[in-house]
1. Per Stokes-Einstein, at 37 °C and 0.692 mPa s, what whole-number D in µm² s⁻¹ belongs to the stretch 30-78, with the Kirkwood radius over Cα pairs as the hydrodynamic radius?
2. List the residues whose amide H sits under 5 Å from the amide H of Arg75, counting only those 5 or more places along or on another chain, with H placed 1.01 Å from N in the peptide plane.
3. Measure nothing but the geometry: give the 0 to 90° angle between the long axis through the Cα atoms of 32-41 and the longest principal axis through the Cα atoms of the chain, rounded to 10°.
4. For the stretch 60-69, just list the computed ³J(HN,Hα) in residue order, Karplus coefficients 6.51, -1.76 and 1.60, θ = phi - 60°, integers in Hz, with x standing in for Gly and Pro.
5. Remind me, relative contact order of the stretch 3-82 in percent, using alpha carbon pairs under 8 angstrom and six or more residues apart?
6. Please count, across the chain, the pairs of lysine residues with Cα atoms under 29 Å apart that sit 8 or more places apart or on different chains.
7. So if each residue of separation counts as 0.36 nm, and I subtract the Cα-Cα distance between Trp72 and Ile55, what length gain in nm does that give?
8. Take the Cβ-Cβ distance between Asn14 and Gln81 as r, set R0 to 25 Å, and report the resulting FRET efficiency rounded to the nearest 0.05.
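Computed from the coordinates by the stated procedures, all read-outs in this text should not be read as laboratory data. This is a predicted model, so every value here is computed, not measured. Positions of Cβ are backbone-derived with ideal geometry, glycine not excepted, and every protein chain shown enters the neighbour counts.
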Amino acid sequence: MGIYIESINSFNINEVKNLKIAKKQFHFIETITDCLNEAEKSSQWHPVAIYKDNIVVGFAMYGCFGENKETWIDRILIDEQHQRKGYG
């Protein structure tokens, strides 16, 4: 099935919240909880789970802004156990 993204929902929220990064990476990205809270406050943000086959391997959040609804990825996190496999 490969790599794909899905919206975060009641079926995958716990798996997403359990993703971990290496301690030396903590200063690069906000926590997943912080990102989800930000997305709740602003409908411009869209958090998603990153899957490899049927396993949640990461988290990303993209936003749509401006008149042209320009879309950009603001955050991406790959679980420590799944890093260095090309999923990012």
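1. Working: Rh = 11.4 Å.
After rounding, the answer is 289 µm²/s.
2. Met61
3. Roughly 20 degrees between the two axes.
4. 9, 9, 10, x, 10, 9, x, 4, 8, 6
5. On the way: 120 pairs, mean separation 25.9, N = 80.
For the stretch 3-82, the relative contact order is 32 percent.
6. 17
7. Working: separation 17, 0.36 × 17 = 6.12 nm, distance 2.43 nm.
Working it through step by step, the gained length comes to 3.7 nm.
8. Working: r = 16 Å, r/R0 = 0.66.
My answer for the efficiency is 0.90.
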